[in-house]
Amino acid sequence: MRPRLFVAVAVFAAVAGIVSIDLRPVHAGEQASSSGYKVLDPIRHGNLTVFPVVASKSYSTGDFLTLDEGLRSGEVVVTELGNVRGLQRRRMRPAVEHNGAEVNRLVLVNNSKRPLLLLAGEIVAGGKQDRIIGKDRIVPAESDPVDLSVFCVEPGRWVATSDRFGTSSATYAASEIGSGNGAVSSRGTLMAQPSVRAKAMGDKDQNQVWAEVRKQEQAMETVEVTASAPTVNTSTATTSYARVMENQDVKEKVDEVAKPIEKNYKSLIKQLRDRKAVGVVVAVNGRIIWSDVFASTELLEKYWPKLVRSYASEAVVTRAKGGEASVAQAEAFLADMDGHKETIESEPGIYRHTEISGEGFKAFALTSLLPKTGFDVHVAKMAD
């Protein structure tokens, strides 16, 4: 799925920092039939359609720690920028000191012996405001404090509820695949719906994120629970996107869409494990809007419960008449990576983050540069 980069780009990527290059065009080089990915027949429920994606090859990703796993175990600490003192692990470099909290910056420390994978769109609750991770990245094992770029998704609060951030009150069923022990519910971070993720990942503008959060909160407040019942009651007057999404009426409405697709896809993954199911292409109201593809079935399984709820949330608030997206359209969306601008941010020896802007889309690829890796851990693509 990734385009082949010109040599000049690869040279720039070896240096820490951000490089923005106009290329007309950046050639993907391969179509769906030879890209290593295949789109299967869709799973549909209501106005949400999910196309499973299988790969010709997958990679070993068992060493990666997810944010949910790290927060639950206490091995990952996320705090406001002003609380960094005391979290410094090593003194090989001068300690970074900050005097106060900032809306668009948080500090994370990974105390685990495993590298931490962060996905754009994951929401951490607490601190002075709930925040959304702004871009995919990898944090090395046993890290010193890492300065995270984030966006606020709670515009009405700047009063600390806790010193550190944690999981939300949402619960998700742990994957049953391969466990043999049945589903186990556990707390986890929310994944923002695609329209909110897009503002953070693509626009990178706090005002745009706030505007989209308000828009989606208002849309959720007017969602009809049933044809004859009153609208969803979210009269708590909260400005927290996470709390609105955790409202019982909202959760029930999202569950109506999410659970059938989650159940069907989990069953499908069991059947497709040998075929290396690694992702999905998503359509709402017959229009393809998003894709998430991982390096392995294992990573897809870990993120699937909250990803499917994020897709379902989008479907709940954007009901409209539309046709049905086809497998051919999903394959074309997945294969088209020809862009006119590419921006690379690299942390040598850890990760490379590549953003491609093309005609009607933006794509984001996180490549692990850790020893014995060198592969794309996650690739997300959004329709403009």
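Looking only at residues in region 26-60 that are more than 24 Å from Asn264 (Cα to Cα) and polar (S, T, N, Q), which one is modelled with the highest pLDDT?
Once the filter is applied, the top-ranked residue is Ser60.
On the given criteria, is Glu97 within 30 Å of Glu154 (Cα to Cα), open to solvent by 50 Å² or more (accessible area, probe 1.4 Å), out of contact with any helix residue (DSSP H, G or I) (no Cβ under 8 Å at 6 or more places or on another chain) and at pLDDT below 95?
yes
Of everything in region 179-194 that's at pLDDT 50 or above and more than 12 Å from the chain's Cα centre (by Cα), which residue is least open to solvent (accessible area, probe 1.4 Å)?
Once the filter is applied, the top-ranked residue is Gly188.
Report, by residue number, each residue of region 200-211 that is without any contact (Cβ under 8 Å) to a residue 24 or more places away in the chain and of a type in the set (D, E, K, R).
Of everything in region 200-211, those that are without any contact (Cβ under 8 Å) to a residue 24 or more places away in the chain and of a type in the set (D, E, K, R) turn out to be Asp203, Asp205.
Evaluate the following for Lys302: is it under 14 Å from the mean Cα position of the chain (by Cα), modelled with pLDDT under 95 and either open to solvent by 10 Å² or more (accessible area, probe 1.4 Å) or among the polar types (S, T, N, Q) (or both)?
yes
Going through region 276-287 one residue at a time, which ones are surrounded by fewer than 24 Cβ atoms within 10 Å (Cβ to Cβ) and either in contact with a strand residue (DSSP E or B) (Cβ under 6 Å, 6 or more places away or on another chain) or not in a strand (DSSP E or B) (or both)?
Those that are surrounded by fewer than 24 Cβ atoms within 10 Å (Cβ to Cβ) and either in contact with a strand residue (DSSP E or B) (Cβ under 6 Å, 6 or more places away or on another chain) or not in a strand (DSSP E or B) (or both): Lys276, Asn285, Gly286.
Considering only region 324-336, state which residues are crowded, with 20+ Cβ neighbours inside 10 Å and in contact (Cβ under 8 Å) with a residue 60 or more places away in the chain.
Within region 324-336, Ala325, Ala330, Glu331, Leu334 meet the criteria.
How do the pairs read when you match residues in region 233-259 that are in a helix (DSSP H, G or I) with residues anywhere that are modelled with pLDDT of 80 or more and of a type in the set (Ser, Thr, Tyr), using Cβ under 7 Å and keeping only pairs 6 or more apart or on different chains?
Met245/Ser313; Val254/Ser313
For Val293, state whether it is over 16 Å from Ile43 (Cα atoms) and either open to solvent by 30 Å² or more (accessible area, probe 1.4 Å) or not charged (D, E, K, R) (or both).
It is true that Val293 is over 16 Å from Ile43 (Cα atoms) and either open to solvent by 30 Å² or more (accessible area, probe 1.4 Å) or not charged (D, E, K, R) (or both).
(1) in contact with a helix residue (DSSP H, G or I) (Cβ under 7 Å, 6 or more places away or on another chain); (2) modelled with pLDDT under 95; (3) within 26 Å of Phe375 (Cβ to Cβ): which one isn't true of Leu116, the others all being true?
The single condition Leu116 does not satisfy is (2).
Keeping to region 337-379, report how many residues are part of a strand (DSSP E or B) and surrounded by 19 or more Cβ atoms within 10 Å (Cβ to Cβ).
Residues meeting the conditions: 22.
How about region 61-94: which of its residues are among the charged types (D, E, K, R) and modelled with pLDDT under 90?
Matches in region 61-94: Glu80, Arg85, Arg89, Arg90, Arg91, Arg93.
When Val308 is evaluated against the numbered criteria (1) over 16 Å from Val379 (Cβ atoms); (2) open to solvent by 30 Å² or more (accessible area, probe 1.4 Å), which criterion, by number, is the only one it fails?
Every condition holds for Val308 apart from (2).
Please verify whether region 311-323 includes one or more residues that are part of a strand (DSSP E or B), open to solvent by 10 Å² or more (accessible area, probe 1.4 Å) and either closer than 20 Å to Gly36 by Cα or not β-branched (Val, Ile, Thr) (or both).
no
The values are calculated or read from the model by the stated rules, or taken from the named source; none is laboratory data. What you see is a predicted model, and the numbers here were worked out from it, not measured in a lab. No Cβ is skipped: glycine too gets one built from the backbone with ideal geometry, and neighbour counts run over all protein chains shown. Accessible surface areas use protein heavy atoms only, side chains included; no ligands, DNA or RNA. Shrake-Rupley method; radii C 1.70, N 1.55, O 1.52, S 1.80 Å.
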